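Working notes for the structure below.
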Amino acid sequence: TIRGNFRRAFARWARVIPVRFRETRDYNMADVRVGFLAGDHGDGEPFDGPLGVLGHAFSPPSGQLHLDAAERWAVLGSAGAVNLESVATHEIGHMLGLAHSSVPDAVMYPSLKPRTRKTELTWTTSAACRRSTVPTRGSASAPSPSPTPPPPPPRRPTPIPGRPGRRRRPRPPRSYC
């Protein structure tokens, strides 16, 4: 269901950052408001129809998460062109203060190929989110960041196949933001 896709996306973020999401039936009292809208819908960022802009989100206190109603959304095994859970996970990241990533496999990468599922959060994505500051309604401060983990142990160079004695230097890990 649509609700199930959003519950999984919110739960995914709640597992990696110190925030709790709770569903409410009172739309006007919610800190996060989700809507499927089309065209120019009054927030200054109009949608452009199928396979264009899929969605956008604004951090609280606005807390709006809008998805293009013109898309063919894939909801738990349906044959739609755009995976709803992937886009929901991405847009929630924006609500939490994350920018786009330059890493194509990252949840926060700015585009999603049709019929692609991209929902897994990595340590670098969640760490960047913990560093961001997202004020919530009625709150004077944002969550404090978690301590930075120790750096990974140095990696040994790996042999280059077919060249005895020559070694390849390991590439540093890529960050998401």
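One residue alone among 65, 51 is assigned to a strand (DSSP E or B), touching a residue at least 24 places away in the same chain (Cβ under 8 Å) and within 19 Å of the chain's Cα centre (by Cα), and that residue is 65. Only residues that are more than 21 Å from residue 7 (Cβ to Cβ) and surrounded by 13 or more Cβ atoms within 10 Å (Cβ to Cβ) were counted in the stretch 103-113, giving 3.
Take the conditions of a type in the set (S, T, N, Q), farther than 18 Å from residue 34 by Cα and either modelled with pLDDT under 50 or touching a Pro at 6+ places or on another chain (Cβ under 9 Å) (or both) and apply them to residue 141. Does it pass? Answer is yes for this residue. Among the residues of the stretch 1-33, just one is in contact (Cβ under 8 Å) with a residue 60 or more places away in the chain and hydroxyl-bearing (Ser, Thr, Tyr), namely 1.
Residues checked against (1) surrounded by 10 or more Cβ atoms within 10 Å (Cβ to Cβ); (2) assigned to a loop (DSSP other than H, G, I, E, B):
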site: 14; (1), (2): yes, no
site: 20; (1), (2): no, yes
site: 23; (1), (2): yes, yes
site: 34; (1), (2): yes, no
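The residue that is nearest to residue 35 (Cα to Cα), among those in the stretch 76-101 that are exposed (fewer than 15 other Cβ atoms within 10 Å of the Cβ) and touching a residue at least 60 places away in the same chain (Cβ under 8 Å), is 76.
Every residue in the stretch 52-68 that is surrounded by fewer than 14 Cβ atoms within 10 Å (Cβ to Cβ) and over 18 Å from residue 98 (Cα atoms), please. 52, the sole residue that qualifies.
The values are calculated or read from the model by the stated rules, or taken from the named source; none is laboratory data. Just so it is clear, the structure is predicted and the values come from calculations on it, not from any experiment. FYI the Cβ positions are ideal-geometry reconstructions off the backbone, even for glycines, and counts take in every protein chain you see.
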